[in-house]
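Visitor: Would you mind keeping the following structure in view while I ask a few things?
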Amino acid sequence: MSVLVTLRIEADAERLQAEDPALLLRALDRAREHGLISHRFYATHTELLGIDEWPDEASPSRSSSSRPPRSRRSWLTPV
């Protein structure tokens, strides 16, 4: 049975696009390499929502552990 993973964060989608236009495409490619079945992405001026479908519970963890370390992104809204 597949697993849905949702991520909702406060962020500035326009700044994300301006800072690193290919960031989401790179993340999506890396996720597909680890079994991602489908991905949906929604954005407003203040929030980002990602909904991913994975083949099992372990796949999202494998994908996230393979990514390079992240620095603080200016488009994330401090909480």
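Visitor: What residues have an amide H closer than 5 Å to that of Val3, excluding those fewer than 5 places away on the same chain, when H is modeled at 1.01 Å from N in the peptide plane?
Guide: Trp54, Asp56
Visitor: What are the ³J(HN,Hα) couplings of the stretch 43-57, residue after residue, when phi is run through the Karplus curve with 6.51, -1.76, 1.60 and θ = phi - 60°? Round to Hz, x for glycine and proline.
Guide: 9, 10, 6, 10, 9, 10, 10, x, 10, 10, 10, 10, x, 7, 5
Visitor: Hull surface divided by four, with the convex hull built on the Cα atoms of the stretch 3-59: how many nm²?
Guide: 3.7
Visitor: Sequence gap at least 6, Cα distance under 8 Å: using those rules, report the relative contact order of the stretch 3-59 to the nearest whole percent.
Guide: Here the relative contact order equals 53 percent.
Visitor: So what's the net charge close to Leu49: Lys and Arg +1, Asp and Glu -1, counting the other residues with Cβ under 9 Å from its Cβ?
Guide: +1
Visitor: Subtract the Cα-Cα distance of Asp56 and Leu28 from 0.36 nm times their separation in residues, and report this length gain in nm to one decimal. Can you show the working numbers first?
Guide: Values: separation 28, 0.36 × 28 = 10.08 nm, distance 1.71 nm.
Result: 8.4 nm gained on full extension.
Taken together, the values in this text are just the output of simple stated rules run on the coordinates, not laboratory data. Keep in mind that what you see is a predicted model, and the values were worked out from it rather than measured. Positions of Cβ are backbone-derived with ideal geometry, glycine not excepted, and every protein chain shown enters the neighbour counts.
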